[in-house]
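Everything below concerns the one structure shown next.
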Amino acid sequence: MSALEYLSLGDPTIRADRFATYRRLRDDNPIARVEPDGARVVLTRYADVERIFKDPLMRVQPKAGEYPADIGSGPGATFHKLSLPDMDPPTHTRLRKLVSPAFAPRALAHMRSWVERIITDNVEALADVDGEVDFVEHFGMRVPAEIACRLLHAPAADAATVLRRMPALNPVLTHTPLTPRQLAAADEAAQFYFDYIGEIVDSKRGKLGPEDPVGALMLAEEEGGRLSRDELIVTLVGFFIASYHTTMVAMTNAVHALLSHPDQMRLLADDPDLAPAAWEEVLRWQSPVHFISRYAGYDFELHGATITEGTQLMLGLAAANRDERRFTDPDTFDIRRANNRHLAFTAGGHYCIGAPLSRLEGDILLRLLPQRLPAMTLTDSNPPWNDELVFPSMTALKVAPKGM
Amino acid sequence: MTKIDYIQSDGTRITVDAAPGDTVMSAAIAADVDGIVGECGGNMMCATCHVYVDEAPAARLPAMTDDEDQMLACTEAPRTALSRLGCQLPTDEPMVVTVPGIPT
Ligand code: HEM
Ligand code: FES
């Protein structure tokens, strides 16, 4: 592809073989302008993507300090304005600081026992299955929902209720244009969350210590009224949204990667202390989120081209994580890889706040899996994937937990 | 502009002019100082901005918070009495810091 050609994100060949496409872009077109007008560019090299993430002047708001006009002024707009992923400094810096105790090392140490119980119970349930089962349905979708519910002090039975409104809320949180009907549905969903999570928050106030993530947020709130009730609710719903799909995909990718690389599974079985490194390698090799956007905060030069202020930068996390300029043999799945500083959680000010929780989950799961399900095999070596550009994922993963 | 000196594990000294509002971490990122990664952008989640503060007006360094103390337990290089997170150190005063040699 020549540098003058526009990239079409709708082009099915991109998705047919993503990693080959990403390699082509890294090599031949590292600042690929997107149709129709080139006002968006796709960056795929590790050094470029990392640099943008760490530059505090690159922003998440398309226009500095302006909210999209079509989010209205109802509960949906409140959600947008108080959501961490949609905020820039200095408002982002303030909220992020207040939210940071939720997954600080001390809070995390207290979470270990209940996270372990949820994962263990669900691995045990798989161990009881004779024959074939869909890992996505029977584990991937369940465990993150149970963990998110426990995190928010919501009954696990409510997971479906909580999840059902997410698609309606999503359009106000992303930068896709909204129709009046979508806005009405988003406002309704936002109001549901204010009522539902608001009730939990009010009933738990004063009863949770700083070792509980919600307690930590409430105490941050109470020291001089620093985190408002609305901010607390939106943050907690944000935890649910940001953790559910990513964790489901990461766990599914982990099982798929290990079962299709028996040599790596054997290494892990022989040395369970490799579990944290194996989780990092899963996140690098099959990053759950393929693209994250920023907007150029100023004009700058890159590879001889000028990128003007306001340009949307689509940053390829999965592409950067396979960059041969940064990682040796990037297409090889190697759980003993050294210096594996991947960008699956991004970097810089918006760096995934749940990364420590995700790492705890990965550690527990990957320690347990080869011990409790040593004979597990894939029964469909070619699982189906959805067609999404940003969040590609397996829609099913058939396994035989006790082997064939 | 304040001068911040970074001393690498091989003895190389890099002097950086920190801009107003910079931290020891962000000034190092802007100047591409090796060994200071600053992965989490100053959110106290990664400890990849670990430095040893060799010379500083000690009385004017901000006190260590409980969160910084917890994160310093997670550094790759050994923690010493001089250890701080670069992202928690303002650059109002000149400072000399040593960048830990990170095992790769
Ligand atoms: C393997 C699992 C996960 C992956 C791959 C992942 C990935 C990401 C990515 C790519 C971002 C965007 C950062 C940016 O815009 O620069 C992000 C942000 C975020 N994540 Fe995660 N995440 C995971 C799990 C979690 C969990 C378990 C939680 C919470 C319980 C969580 C909470 C958040 C929040 C609140 C943000 C927004 C941070 C901000 O904008 O300041 N994530 N995550
Ligand atoms: S930059 Fe991550 S802790 Fe300082």
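For a quick check: with amide H placed at 1.01 Å from N, whose amide H comes under 5 Å from A:ILE31's, ignoring anything fewer than 5 positions away on the same chain?
Hits under the 5 Å cutoff: none.
In Å², nearest 100, what accessible area do chains A and B bury in total when the solvent probe is 1.4 Å?
For A against B, buried area totals roughly 1400 Å².
Counting partner chain Cβ atoms within 10 Å of every residue's Cβ in B:35-41, what's the average?
Average per residue, whole number: 6.
Need one value for B:42-49: mean number of C-beta atoms belonging to other chains within 10 Å of its residues' C-beta atoms.
Average neighbour count from other chains, rounded to a whole number: 6.
Would you rank A:CYS352, A:CYS149 by solvent-accessible area, highest first, keeping every protein chain in place and using a 1.4 Å probe?
So, going from the largest accessible area down, we get A:CYS352, A:CYS149.
Based on the mean of other beta carbon atoms within 10 Å per residue, what is the order of A:7-17, A:392-402, B:70-80, most packed first?
The densest-packed peptide leads the list: A:392-402, B:70-80, A:7-17.
Hey, rough spin-label estimate for B:GLU93 and A:TRP114, points 7 angstrom out along Cα→Cβ, what's it come to in nanometres?
Each label point lies 7 Å from its Cα, and together they span 4.4 nm.
Determine, for each peptide in B:44-50, A:373-379, A:214-220, the mean count of other beta carbons within 10 angstrom over its residues, then list the peptides with the highest first.
The peptides rank, most packed first, as B:44-50, A:214-220, A:373-379.
Using a Förster radius of 25 Å, what is the FRET efficiency between B:LEU61 and B:ASP10 based on their Cβ-Cβ separation? Nearest 0.05, please.
The calculated FRET efficiency here is 0.45.
Provide the gained length on full extension for the span A:ASP230 to A:ALA160, in nm with one decimal, where the gain is 0.36 nm per separating residue minus the Cα-Cα distance.
Full-extension gain reported as 22.9 nm.
Between A:ARG150 and A:GLU309, what FRET efficiency comes out of the Förster formula 1/(1 + (r/R0)^6) with R0 = 45 Å and r the beta carbon distance, rounded to 0.05?
It comes out at approximately 0.55.
Can you list the DSSP H helices in chain A whose Cα atoms extend at least 18 Å along the helix axis and whose mean Kyte-Doolittle hydropathy is -1.0 or higher?
Passing helices, by number: A:105-127, A:180-204, A:229-259, A:355-372.
Kindly state, to the nearest 0.05, the FRET efficiency for B:ALA30 paired with A:ARG24, given R0 = 35 Å and r defined as their beta-carbon distance.
Calculated transfer efficiency: 0.65.
Quick one: ranking A:GLU132, B:GLU39 by accessible area, 1.4 Å probe, largest first, what do you get?
If we order A:GLU132, B:GLU39 from most to least accessible, we get A:GLU132, B:GLU39.
Only loop residues by DSSP count here, and only those with at most 15 other Cβ atoms within 10 Å; note down the trypsin sites (Lys or Arg not before Pro) in region A:157-211 that meet that.
A:ARG205, A:LYS207
Evaluate the distance, in nm, between pseudo-label points positioned 7 Å from the Cα of A:ASP70 and of A:THR328 along their respective Cα→Cβ axes.
Distance between label points: 5.0 nm.
Percent of Cα-Cα pairs per 20 Å bin, from 0 to the last occupied bin, for chain A, please list those.
The percentages, shortest bin first, are 26, 58, 16, 0.
The values are calculated or read from the model by the stated rules, or taken from the named source; none is laboratory data. Being a predicted model, the structure only gives us computed values, none of them experimental. Every residue, glycine among them, receives a Cβ derived from its backbone with ideal geometry; neighbour counts consider all protein chains shown. Areas reflect the complete protein model, heavy atoms only, side chains present, ligands, DNA and RNA absent. Shrake-Rupley method; radii C 1.70, N 1.55, O 1.52, S 1.80 Å.
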